[in-house]
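Student: Before I ask anything, let me first share the structure, which is written out below as structure tokens.
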Amino acid sequence: MARNKTFNRRNVFIIVTAIILMALGLTVRLGYLMIVKSAEYAERAEDLHERERAIKAERGIIYDKNGIAIATNKPVSTISVIHSQITDPERVIQVLSELLGLSDDTVRKRVEKNTSIERVKSNVDKEIADAIRNYDLDGVMVDEDYKRYYPYSSLASKVIGFTGSDNQGIIGLEVEYDNYLKGTDGTILTLTTAYGVEIDNAAEDRIEPRAGNDLYISLDVNIQKYAEQAALKILEAKNANNVKLILMNPQNGELYAMVNVPEFDLNDPYTLTENMLKDLDSSSLTSEQTNELLNNMWRNACISDTYEPGSAFKIVTATAALEEKVVKLDDTFYCPGYKIVEDRRIRCHKAGGHGSESFVEGIKNSCNPVFMEIGARVGITNMYKYFGKLGLFSKTGVDLPGEAKSIMHKAENVGAVELATISFGQSFQITPLQLLVAASAVVNGGNIVTPHFGIQVKNPEGNIVKTFDYEGAKEVITKETSDTMKELLEAVVSDGTGKRAYLPGFKIGGKTATSEKLPRSSNKYISSFVGFAPADNPQVIAVVLIDEPVGIYYGGTIAAPVVAEVFDNVLPYLGIEPRYTEAEIEEYNVGTIKMPELVGLKKEELKEALKDIDYGEIYYLGEGETVAEQFPLPGEMINLNSDLILYLE
């Protein structure tokens, strides 16, 4: 019995001691949590009842060479719903579906989804957002946002590119320079109850967004317009699949224009153009087919598509031959209209042949047999050496996504037949931009340039963040060869297959090409022309490709005039003045008229002053009136005052 009492007391003591220790431990723990960790848990509690909404940052603007904005932003809004705060769900569904153009079911799914916040629609125009805000619907949030806007719509669409609903770049410069252009989003922090309801009159924290940086590029809106107009003109005239046209400064690689017509509307990039839907029933397209068509519509073929360059590539073959000193300008060749290489009879474009001709004449005539002979003299090893030097085995490094590589035979697989066809631009493929870079090196003194658009990045305050540098290989060919090639290519335009690129007063150099597409039996062609000016000191170089023209398809006939038309506008625009030869002055009646001083003259005095000037038509002053301002240059129709309009031819 005594032993049991002792045992019970001991158990009670142990239990009481344990309870005291546990209470003491809990007290210490509670004190630690309430005193030592109070700040941390208060912060956690606050976080638990905070709701965060993003404030979209304004994307950086893209400016052309002249500071003209070509990609800007338009204020829009994002409409969201907070399930826990909605007091009249049917009214919310009715208003949002009506104003946002969404189905009731779509809005209902968002409204009834029990999440902290659910986005209903982004990129909502300000007018619609303001209308929704005016309804003052519980649980409906209208937050500021930005939508990308392109003032020139389709201009240079495949170069500039566009952004997605999240304002991130999708294609073109928009994605290439996305890290510079995108800003840093801000946030709105609001306090809520445990049920997710925002607390009235609670302090709202706001972290302001930071706008993205602005991008300045070498593309010139005016030059791009000139180029697109010329490309569209030939596209329609020849009912071609597409036309590609690039203009670049051959001295530094700045790209002035890059055309891929038909272009598409950057403000509506997911709507297929008529050209893409040609011969298709849009209503029967699957989503996979639509996506494929969209990707083709967005594709920048100037850098992403390869082709056989044809005779334009003779620029490279001639350069290699001169560098290796296997040909002289007065070397003579004979063209019977074909050349037999092993078991192949390879034709010249002139069926009857050119007969006896010099190397210079062979270039002017674009004679295939001459270049097959030259290619054989150079040999595949040396030919490929210059391919490498002129950048034809590598990408150009242009600051656009999706650039393709050239497609070449391995040197060990090139036999006599392959070498012969390579010599005049067949049996391999390159991009139009690769050809332009190689041709630039040939005519700029021998330096490889990196074609590019990006020039500079500035922050929203206008301070320079980044200036881009583009280095290329120097002196890949000698200046002597470069000077010779400029003269030879000028002769192609002045007295060869490129005559239709001739412009009085300007020295134009260039090379024509007519490439037969694969398979050869398809009778489909790409007509092209590479041109540069002024020929003695090139400041601009261009390449145009007309894909599958209907009817006449020769490059010299239909492609060369396109570059001439562009240069006719671009050269004066760039400040390159015409310099007429005596023969041109006589043939084209070029000259100036020295105008007499006309200010202050009355009617009879004006007649006397102009009597010896060959004018077109003149309407004289009224009685007693005088010429009120300096007379301008001839060739313009000018209103000298309210009653006098003078036109000089």
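The values are calculated or read from the model by the stated rules, or taken from the named source; none is laboratory data. What you are looking at is a predicted structure, and each value in this text was computed from that prediction instead of being measured. Note: ideal-geometry Cβ built from the backbone for every residue, glycine included; neighbour counts use all protein chains shown.
Student: Kindly indicate which of Glu490, Glu480 is of a type in the set (D, E, K, R) and crowded, with 20+ Cβ neighbours inside 10 Å.
Tutor: Glu490
Student: Which of (1) in contact with a helix residue (DSSP H, G or I) (Cβ under 9 Å, 6 or more places away or on another chain); (2) among the charged types (D, E, K, R); (3) farther than 30 Å from Ala71 by Cα; (4) in a loop (DSSP other than H, G, I, E, B) is the odd one out, the single condition Asp265 does not satisfy?
Tutor: Failed condition: (3).
Student: Let me ask something else. So which pairs qualify, if the first residue must be in region 399-421 and more than 21 Å from Ala321 (Cα to Cα), the second must be among the acidic types (Asp, Glu) and surrounded by 14 or more Cβ atoms within 10 Å (Cβ to Cβ), the Cβ gap must be under 8 Å, and the two must be at least 6 apart or on different chains?
Tutor: Asp399/Glu176; Leu400/Glu176; Pro401/Glu176; Ala404/Asp305
Student: Here is a follow-up. (1) touching a residue at least 60 places away in the same chain (Cβ under 8 Å); (2) within 19 Å of Phe567 (Cα to Cα); (3) in a helix (DSSP H, G or I); (4) of a type in the set (S, T, N, Q): which one isn't true of Thr481, the others all being true?
Tutor: Single failed check for Thr481: (2).
Student: Listed residues Pro538, Pro534, Pro561, Pro504; which is of a type outside the set (Ser, Thr, Tyr) and at pLDDT below 95?
Tutor: Exactly one of Pro538, Pro534, Pro561, Pro504 is of a type outside the set (Ser, Thr, Tyr) and at pLDDT below 95, namely Pro504.
Student: Kindly provide the set of residues from region 149-181 that are crowded, with 18+ Cβ neighbours inside 10 Å and modelled with pLDDT under 95, ordered by number.
Tutor: Asn167 - this is the single residue of region 149-181 that is crowded, with 18+ Cβ neighbours inside 10 Å and modelled with pLDDT under 95.
Student: Any residue at all in region 295-304 that's in a helix (DSSP H, G or I), aromatic (Phe, Trp, Tyr) and surrounded by 23 or more Cβ atoms within 10 Å (Cβ to Cβ)?
Tutor: no
Student: I'd like the residue in region 121-146 that is within 20 Å of Tyr270 (Cα to Cα) and buried (at least 20 other Cβ atoms within 10 Å of the Cβ) and, out of all such residues, is modelled with the lowest pLDDT.
Tutor: Per the stated criteria, the residue is Tyr146.
Student: Please count how many residues of region 494-539 are in a helix (DSSP H, G or I), without any contact (Cβ under 8 Å) to a residue 40 or more places away in the chain and within 18 Å of Val562 (Cα to Cα).
Tutor: Residues flagged as in a helix (DSSP H, G or I), without any contact (Cβ under 8 Å) to a residue 40 or more places away in the chain and within 18 Å of Val562 (Cα to Cα) within region 494-539 amount to 1.
Student: Taking region 250-276 only, how many residues are closer than 11 Å to Ala542 by Cβ and of a type in the set (S, T, N, Q)?
Tutor: Going through region 250-276 one residue at a time, the tally reaches 0.
Student: While we're here: Looking at this structure, is Ser38 over 30 Å from Leu219 (Cα atoms), surrounded by 11 or more Cβ atoms within 10 Å (Cβ to Cβ) and modelled with pLDDT of 75 or more?
Tutor: no
Student: Tell me, yes or no, whether region 391-403 has at least one residue that is surrounded by fewer than 23 Cβ atoms within 10 Å (Cβ to Cβ), over 30 Å from Ala156 (Cβ atoms) and within 39 Å of the chain's Cα centre (by Cα).
Tutor: no
Student: Right, something else. Given the residues Leu392, Leu436, which is the only one that is in contact (Cβ under 8 Å) with a residue 60 or more places away in the chain and in a helix (DSSP H, G or I)?
Tutor: Matching residue, one of Leu392, Leu436: Leu436.
Student: Does Thr450 satisfy the criteria of being touching a residue at least 60 places away in the same chain (Cβ under 8 Å), more than 29 Å from the chain's Cα centre (by Cα) and crowded, with 16+ Cβ neighbours inside 10 Å?
Tutor: no
Student: Separate question: Return the residues of region 439-464 that are touching a helix residue (DSSP H, G or I) at 6+ places or on another chain (Cβ under 6 Å) and not in a loop (DSSP other than H, G, I, E, B); say none if nothing qualifies.
Tutor: Of everything in region 439-464, those that are touching a helix residue (DSSP H, G or I) at 6+ places or on another chain (Cβ under 6 Å) and not in a loop (DSSP other than H, G, I, E, B) turn out to be Ala439, Val442, Val443, Val457.
Student: Residues that are in a loop (DSSP other than H, G, I, E, B), within 43 Å of the chain's Cα centre (by Cα) and either of a type outside the set (Lys, Arg) or under 24 Å from Asn447 (Cβ atoms) (or both): does region 331-344 have at least one?
Tutor: Yes; the residues of region 331-344 include at least one that is in a loop (DSSP other than H, G, I, E, B), within 43 Å of the chain's Cα centre (by Cα) and either of a type outside the set (Lys, Arg) or under 24 Å from Asn447 (Cβ atoms) (or both).
Student: Please work out if Ile363 is loosely packed, with under 15 Cβ neighbours inside 10 Å, under 19 Å from Leu435 (Cα atoms) and touching a residue at least 40 places away in the same chain (Cβ under 8 Å).
Tutor: no
Student: Consider region 445-469. How many of its residues are more than 30 Å from Lys410 (Cβ to Cβ) and polar (S, T, N, Q)?
Tutor: Of the residues in region 445-469, 4 are more than 30 Å from Lys410 (Cβ to Cβ) and polar (S, T, N, Q).
Student: Another question, if that's okay. Looking only at region 348-383, how many residues end up being in a loop (DSSP other than H, G, I, E, B), touching a Lys or Arg at 6+ places or on another chain (Cβ under 7 Å) and of a type outside the set (Ser, Thr, Tyr)?
Tutor: 0
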